[in-house]
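**Student:** This is the structure I want to talk about, given as structure tokens.
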Amino acid sequence: MGAEETCRLAAELAEEFGESVSRVAERAIATLEADGFTERALTWRVIHAILADIAANRFDPHAPIAIH
């Protein structure tokens, strides 16, 4: 999954589930890491970080995405 797709997914999750999606991401990270799925956990860590940026208004999920 590319950066733009990951950002769009996080935005859709935030719009659909609000603040509760961050807790879901945290549980997914913990469960996946405990089960040894570190790559999958990393994907959820990225989504969790994007969700935090969306919640803090540091990222506009509807704006064009610029990766630096």
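**Student:** Determine the calculated [θ] at 222 nm for the chain from helices alone, applying -39500 (n - 2.57) to every DSSP H run no shorter than 4 residues and normalising by the residue count; nearest 500 deg cm²/dmol. Don't skip to the end; give the middle numbers.
**Tutor:** Working: 3 runs with 48 residues, N = 68.
About -23500 deg cm²/dmol.
**Student:** Would you mind calculating the relative contact order of the chain from Cα pairs under 8 angstrom and at least 6 residues apart, reporting the percent as a whole number? Before the final figure, lay out each step's value.
**Tutor:** Details: 46 pairs, mean separation 26.2, N = 68.
Computed over the chain, the figure is 39 percent.
**Student:** Another question, then. Arg40 to Ala52: extension gain in nm, 0.36 nm per residue of separation minus the Cα-Cα distance? Don't skip to the end; give the middle numbers.
**Tutor:** Numbers: separation 12, 0.36 × 12 = 4.32 nm, distance 1.87 nm.
Length gained between Arg40 and Ala52: 2.5 nm.
**Student:** Percent of alpha carbon pairs in the chain separated by more than 15 Å?
**Tutor:** Working: 1130 of 2278 pairs.
Of all Cα-Cα distances in the chain, 50 percent exceed 15 Å.
**Student:** Note down the nm distance, to one decimal, between modelled labels 7 Å out along Cα→Cβ at Ala66 and at Ala3.
**Tutor:** With each label placed 7 Å out from Cα toward Cβ, I get 1.2 nm.
**Student:** Helix 20-34 versus the longest principal axis of the chain: what is the Cα-based angle in degrees, 0 to 90, to the nearest 10?
**Tutor:** So the inclination is approximately 40 degrees.
**Student:** Relative to the Cα centre, what is the charge dipole magnitude of the chain, using +1 at the beta carbon of each Lys and Arg, -1 at the beta carbon of each Asp and Glu, and rounding to the nearest 20 debye? Could you put the intermediate results ahead of the total?
**Tutor:** Details: 6 positive and 12 negative charges, 31 e Å.
Result for the chain is approximately 140 debye, rounded to the nearest 20.
**Student:** HN-Hα J couplings of segment 54-66 from phi, Karplus 6.51/-1.76/1.60, θ = phi - 60°, integer Hz, Gly and Pro as x?
**Tutor:** 5, 4, 8, 6, 8, 9, 9, x, 9, 7, x, 8, 10
Throughout, read-outs are computed from the coordinates displayed, never taken from laboratory work. All values reported here derive from a predicted model rather than from experimental measurement. With ideal geometry, Cβ positions are generated from the backbone for all residues, glycine too; neighbour counts draw on all protein chains shown.
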